[in-house]
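Before any comments, here is the structure.
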Amino acid sequence: MNTTRLELINLLFFGRHGALKQEAELGQRFQVDVLVTLIDGLNLSADSTDETVNYAEIYESVKGVFDGKRFNLIESCAEAIAGAILDRFVRVQDVTVRIRKPSVPVDCICDYFQAEVVRCR
């Protein structure tokens, strides 16, 4: 079995996601990773975008979901992104979406809190 993965790493978005009123009012930066595994049997030696998934289109799907609705939970946002990718791209076998929230409203010192969703066909 051959595995082909596409990875979009550390996509930066500004959003107003979060369960707290202040998060909705002020907003913050979020970091998003998307990893997709493509189906077996693609003719990659053809060196044609017709044989794969266009990563710019994956980005547009991510952006559309992230900017299209306010989410209370980053895991809900990750779930919606994963579902949109599976719905749009038939050559995607599975998708992992990670959303990091660097400015958490928690009294702690940390790099970020993260939610990860993995979905398969």
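The values are calculated or read from the model by the stated rules, or taken from the named source; none is laboratory data. Everything quoted here is computed from the prediction, not taken from an experiment. Methodologically, a virtual Cβ is constructed for each residue, glycine included, from the backbone with ideal geometry; neighbour enumeration extends over all protein chains shown. Surface accessibility is based on the protein's heavy atoms, side chains included, excluding ligands, DNA and RNA. Shrake-Rupley method; radii C 1.70, N 1.55, O 1.52, S 1.80 Å.
Please list 112-119, 75-82 highest first by mean number of surrounding beta-carbon atoms within 10 Å per residue.
Details: 112-119: 15.0, 75-82: 20.8.
Sorting 112-119, 75-82 by mean packing, highest first, produces 75-82, 112-119.
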inquiry  = Given R₀ = 22 Å, what would the calculated FRET efficiency be for L44 paired with L12, taking r from the Cβ atoms and rounding to 0.05?
reply    = 0.15
inquiry  = In whole percent, and with a 1.4 Å probe on the protein chains, what portion of the accessible area of the chain is carbon and sulfur?
reply    = 49
request  = Of the options L42, F14, Y59, report the single residue whose Cα projects farthest towards the positive end of the charge dipole of the chain (beta-carbon charges: Lys, Arg +1; Asp, Glu -1).
outcome  = F14
ask   = What's the extension gain from T37 to D67 if we count 0.36 nm per residue and subtract their Cα-Cα distance?
value = 8.4 nm
ask   = How large is the dipole of the chain about the Cα centre if only Lys and Arg carry +1 and Asp and Glu carry -1, each at its Cβ, rounded to the nearest 20 debye?
value = 380
key: the stretch 1-48: proportion of alpha-carbon pairs further apart than 18 angstrom, %   = 54
query = For the stretch 16-83, which trypsin sites (Lys or Arg not before Pro) are in a loop by DSSP, counting at most 14 other Cβ atoms within 10 Å?
reply = R16, K69, R70
message = From the mean inverse distance of alpha carbon pairs (Kirkwood) and the Cα radius of gyration, derive Rg over Rh for the stretch 1-116.
response = 1.05
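Which value in deg cm²/dmol, rounded to the nearest 500, describes the helix-derived mean residue ellipticity at 222 nm for the chain, given -39,500 (n - 2.57) per DSSP H run of n ≥ 4 and division by the residue count?
It lands at -9000 deg cm²/dmol.
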